[in-house]
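Right, one structure below, let's go through it.
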Amino acid sequence: MNSQKLLRLMISLLMMGLVFTAGCAAPSVQPVPPFPDAPTAVATSTPFPLTPIELDRELSIRQIKENVFVVTHAFPWPANALIVEMANSELVIVGSTYTPEAMNQVLTWIEARFGKRKISAINTGYHVDNLGGNSTLIEHGITVYGADLTAELLEERGEQTRQVILDMLTGKANEVYYKAHAEIRFMAPTSLFPLAEGLQLSFGEEKIQVFYPGPSQASDKVAVYFPNTKVLFGGCMILGGEQVGNVSDADLVNWPDAVRSLKQFEVEIVVPGHGDRLDADLIEHTITLLSSQP
């Protein structure tokens, strides 16, 4: 190959890399201190590298399968929720945005995208990134499922965990975030189930499983499995980055076994609470990271 052809090839490869990088760029956010529960994102290895739909600077939705969408709310730390269209046309929201206002934006997008649909929601724990949008869901008449322990912990520790976040958001640059997190109206799920028993929900012929694997990143965290699409929402018990993150509520002894029990599900996609990576290997990745803890 002569030098001119080699030069043209190198320029072509460079331009392809720039296009790919631009397509995967995450929404920008104001400078904030690192949240222990929000690991540095790593590239996803799933075959769905679609450009996110940006609802605003800090709220985006990306389609990862035909009927499956990941919602990422970076307010200020990127956190994931899930929207799944079921076979009978009902919709299920798993997890939450941080704020009721962001959840209202998500519901507006859902109506524009799908029209009027029956919606159910599932809280996966009592932390704000698991249920911060509940007040909006409840105001819209949406049933919100959650474990009995989630409701108890929200009542007992909700304000304590709010203060932990507010302490991280001091300083003028974070005033918008501070004010919003200070004003979030915490509301418990409206339909409670016994944590240890988990929950099975049916949507016509399609079923989904809310599974409690034991204490992990917090004592009430549950995973949600969609057999038809082979998608598992692991939430914060699944680590999407290279660090363990927030362990203030964690059971570090039982957490690896809790994640190990998720191997019973046949999965193609695993959605963590934080991070862009969505591949099935996240289960083993999480176990490896937890095993390296002192």
From phi via Karplus (6.51, -1.76, 1.60), per-residue ³J(HN,Hα) for segment 151-156 in Hz, x at Gly/Pro: 5, 5, 5, 4, 5, 7
Amide hydrogen neighbours beyond the local backbone of residue 122, cut-off 5 Å, H modeled: 93, 94, 95, 145
Cα gyration tensor shape for segment 35-291, rounded if a/c is under 1.5, else prolate or oblate: rounded
For segment 188-204, Karplus couplings with θ = phi - 60° (6.51, -1.76, 1.60), whole Hz, Gly/Pro x: 6, x, 8, 10, 8, 10, x, 4, 4, 7, x, 7, 10, 10, 10, 10, x
Cut-off under 5 Å, modelled amide H: who pairs with residue 279 long-range: 45, 46, 270
Net dipole in debye of segment 130-183 [+1 Lys, Arg Cβ; -1 Asp, Glu Cβ; about Cα centre; nearest 20]: 280 debye
Relative packing of peptides 144-157, 234-247, 177-190 - highest average C-beta neighbours within 10 Å first: 234-247, 144-157, 177-190
Loop-located trypsin sites (Lys or Arg not before Pro) in segment 66-127 whose Cβ has at most 15 other Cβ within 10 Å (DSSP): 116, 117, 118
Within segment 219-286, trypsin sites (Lys or Arg not before Pro) in DSSP loop having at most 16 other beta-carbon neighbours inside 10 Å: 230
Using θ = phi - 60° and Karplus 6.51 cos²θ - 1.76 cosθ + 1.60, couplings along segment 205-218 (whole Hz; Gly, Pro as x): 7, 9, 10, 10, 10, 9, 10, 9, x, x, x, 9, 5, 8
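Just so you know, all these numbers are worked out from the coordinates, no wet-lab data involved. Only a predicted model underlies this, so the values are computations on that prediction, with no experimental measurement involved. Please note: Cβ atoms are built from the backbone with ideal geometry, for glycine as well, and neighbour counts cover all protein chains shown.
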